[in-house]
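J.: Can you keep this structure in mind? I'll have questions shortly.
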Amino acid sequence: MMRRSLRLQVALFAALGIAVCFSVSFVVAVLFPTPEPPRLSIEETTQALRADQVPPGWRRAVATRKPFVTEPGRDSLIRSALAADLAAPRDTVEVRSLASTGRPAAPVAITVQTEGSASKRPMLTLSRPGVQPGARFSLFAAAWRSPNGSWRIVEPATPFFTPARLRMLAALALAAAVILPAALWGAARLTAPFRRLEAAAADDERLDSAAWVGGPSEARSAASAMDAMRQRLLDHLRTRTAMMAAIAHDLRTPLTGLRLRVEGLTGAAKAEAVADIARMERMIAQLLTYVRGEEAPWVTEPVDLVDVIEDALRRHRLAGSPVSLEAEGEHLVLADREHLDRALSNLIDNAVLYGGGARIAVHARDGITICTIADDGPGIAPDELNRVFEPFHRLETSRNRHTGGAGLGLAIVASILRRAGGEINLRNRPEGGLCAEVRLPALAAV
């Protein structure tokens, strides 16, 4: 199938819409011919001019001067017939057609007539020159100078929604009913490639968005550019990861040599050297875990969150740390057990290290498994609650051999939980201490 540009498709849809609109108008014109325009007789006009009150369906006004002059031709014939029907001199009657102008010329010094009596019709009958009795004409306005010298002007009051206008509105409504579904379909068709492009950009696992997006050439070009940019970023990240992993790995070699050399030391000097080496090894292990991040093997399987926490607590109970767990039954989630154990162990280790102990509770609500880890430590400043998840951000600045670290522990926790479809939130407890809340989709809700 030949791929067309978006500009060409928009032009085709616009042309199609215009063609449909004209076709509908043509069908309406054929099936519903233009209605016969309203007509007016000499007798009706005479009655409107002579009546004391304005008859229904008419507009009437009074002017002190002649409001308009009869144009030669057909209007002169109507003027003569109306003068004969009024039994009035011809120069006291003026007529103006409304077929072309729609309304008569603006009268001079017109005042709206509210009351008054028409002069009685004299007992005189004149023939209507050139006009058959009962003949009807296109709408016109008539002016008659009454015996008191003022000009009385009348014209038919046509409604706003005339048959012709109703026919036009019906054609527009029918055209809209035909075009609107087609316009919605066309808009969905034109924007579908860009919605797919958006989905491809949000999908970290998809690397073939250019072929998958399809659609017009503009969308495919944008997808190709996005793929190229994504590939450059991935290459950059891989290079950075490989470099940091190589540095961290190479640091282990001199540490091994240092460990062998300190074996010859005795007393406090040996203990301090061994502690420093152990701390450096932990920092290197954290760095390797972080930089490998998304590339680390990930085996998704049903994991009992309570069982993972029990394994982590067992190590602390052996060390005599005050830890407790409150949970009922199993709480299954989909995750990699090894990575999930690392994340929860980091949180529990922090609670024991900085808060003197850990109280863990696990429960489920609305398809979400919630694990809270509370301690009685000093807590965290409110403006630091979110920053602690940034890589290499450390709250403990002393870097002593007991609590110092690389500032990657919570960043690793957040990365693992995000990969498992969960999240973590930290908050200070009102009674003191910190509470870490881990939320993971329950297996039953997946």
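The values are calculated or read from the model by the stated rules, or taken from the named source; none is laboratory data. Owing to the predicted nature of the structure, the values given are computational and were not obtained by experimental measurement. Don't worry about glycine lacking a Cβ; one is built from the backbone with ideal geometry, like all the others, and counts go over all protein chains shown. Quick note on the areas: whole protein, heavy atoms, side chains included, nothing else; ligands and nucleic acids left out. Shrake-Rupley method; radii C 1.70, N 1.55, O 1.52, S 1.80 Å.
J.: Take the residues of the range 144-163 that are modelled with pLDDT under 80 and open to solvent by 50 Å² or more (accessible area, probe 1.4 Å): which is farthest from Ala63 (Cα to Cα)?
T.: Going through the qualifying residues, I end up with Pro163.
J.: Same structure, new question: If I ask for residues that are farther than 17 Å from Leu6 by Cα, surrounded by 17 or more Cβ atoms within 10 Å (Cβ to Cβ) and at pLDDT 70 or above, which ones from the range 202-240 would you list?
T.: Hit for the range 202-240 is Asp227, nothing else.
J.: In the range 399-444, what residues are at pLDDT below 80 and open to solvent by 70 Å² or more (accessible area, probe 1.4 Å)?
T.: The answer is Arg399, Arg401, His402, Ala444.
J.: Determine which member of the set Leu184, Leu172, Leu166 is loosely packed, with under 11 Cβ neighbours inside 10 Å and either at pLDDT 75 or above or out of contact with any strand residue (DSSP E or B) (no Cβ under 6 Å at 6 or more places or on another chain) (or both).
T.: Numbers: Leu172 fails: loosely packed, with under 11 Cβ neighbours inside 10 Å; Leu166 fails: loosely packed, with under 11 Cβ neighbours inside 10 Å.
Result: Leu184 is the single residue among Leu184, Leu172, Leu166 that is loosely packed, with under 11 Cβ neighbours inside 10 Å and either at pLDDT 75 or above or out of contact with any strand residue (DSSP E or B) (no Cβ under 6 Å at 6 or more places or on another chain) (or both).
J.: Being open to solvent by 70 Å² or more (accessible area, probe 1.4 Å) and part of a helix (DSSP H, G or I) is the filter; apply it to the range 28-51 and report the residue that is modelled with the highest pLDDT.
T.: Gln47
J.: Also, I was wondering about something else. So, of the residues in the range 325-352 that are out of contact with any helix residue (DSSP H, G or I) (no Cβ under 8 Å at 6 or more places or on another chain) and under 20 Å from Glu431 (Cβ atoms), which turns out to be surrounded by the most Cβ atoms within 10 Å (Cβ to Cβ)?
T.: This residue is Ala351.
J.: May I pose another question? For Arg59, work out the one condition from (1) under 56 Å from the mean Cα position of the chain (by Cα); (2) at pLDDT 80 or above; (3) within 18 Å of Asn148 (Cα to Cα) it doesn't fulfil.
T.: Arg59 satisfies every listed condition except (3).
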